[in-house]
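Reviewing the structure listed below.
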């Protein structure tokens, strides 16, 4: 049965249903959940970096920043799926994606990924500024040519992957100021540290999937969960003082400081619960650790938007 959104689209624009399904497949290629996060962090950093009042923001510049970041992020997602199409087909979590399921051809995905990522790079370079475009190039290339192949070689891939994941705020900052200052390093550090518990909790839930596809991730090689727990706790703990630096630097004030401190302690609590779950002897250990990994993952989805919201409303 056609979903409500698709039904409305078909009614308004009476193209064949297959056309709408094809469009949905291309949108899925762009990994909208990850791409939207990149856009959100870029826009947040842009706003914090903007030195004037709200009404003085250049809407044309912001629009091009948002659209260009969307195109680069979406292109990276599509090209990542092109490169990993064989392995996506080996995992239950990804076997129904457009490429492994056969809904789209590799050639079509390759062209689509190159086209929209190139369009995004051109837009960011010429309609925002050269520094933002350069940072976008670094983001795209490190994601595709370092992180993607390293996942099959070494657990260090997750750390390397944190770099392109934490660069969008620097793009937003560069767009606002046409330069990079020390304050934006805090944005980078927060996003980098946040990604570790976020990814490791998800990777623990799908460790069998990753192992089946031959990925050399920490969660695959860490049968006991000890190393995974330590990495999660270390990054959650480090997030607390690092996330408070914007207030120390005068970028934000008391509301952000208190709210972020509470959010950081709560996030750390979920990390502790995940770590403690390995020591209990009651019930099914895998089911128990998966339960707390899932809670940690959802906590990560709440944590980041909360501190970004606090940063925006409490900007000095």
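Each value in this text was obtained by applying a stated rule to the coordinates, not by laboratory testing. This one's a predicted model, so the numbers in the text were calculated from it and none came from an experiment. Cβ placement follows ideal geometry from the backbone for every residue including glycine, while neighbour counts extend to all protein chains displayed.
Pair-distance distribution P(r) for the range 228-287, from all Cα-Cα distances in 10 Å bins starting at 0: 22, 38, 24, 12, 4 percent.
Structural descriptor for the range 58-144: relative contact order 39 percent, calculated from alpha carbon pairs under 8 angstrom and at least 6 residues apart. Ellipticity at 222 nm from helices only: DSSP H runs of n ≥ 4 in the chain, each -39500 (n - 2.57), divided by the residue count, give -24000 deg cm²/dmol.
Rank-order 166-172, 128-134 by packing density, defined as the average count of other C-beta atoms within 10 Å over each peptide's residues, highest first.
Ranked from most to least packed, the peptides come out as 166-172, 128-134.
A convex hull fitted to the Cα coordinates of the range 182-316 yields 99 cubic angstrom per residue. The relative contact order of the chain comes to 17 percent, based on Cα pairs under 8 Å that sit 6 or more residues apart.
Expressed as a whole percent, the proportion of Cα-Cα pairs in the range 197-255 lying more than 16 Å apart is 53%.
If you take the Cα centroid of the range 71-125 and the Cα centroid of the range 211-228, the two points sit 25 Å apart.
Translational diffusion coefficient of the chain (Stokes-Einstein, Kirkwood radius from Cα pairs, 25 °C, 0.890 mPa s): 118 µm²/s. Working note: Cα atoms of the range 18-181, range along each principal axis, descending, whole Å: 51, 40, 23. The stretch between residue 316 and residue 22, if pulled fully straight at 0.36 nm per residue, gains 101.3 nm over its current Cα-Cα span. Largest GNM mean-square fluctuation among 194, 60, 204, using the chain with Cα springs under 10 Å: 60.
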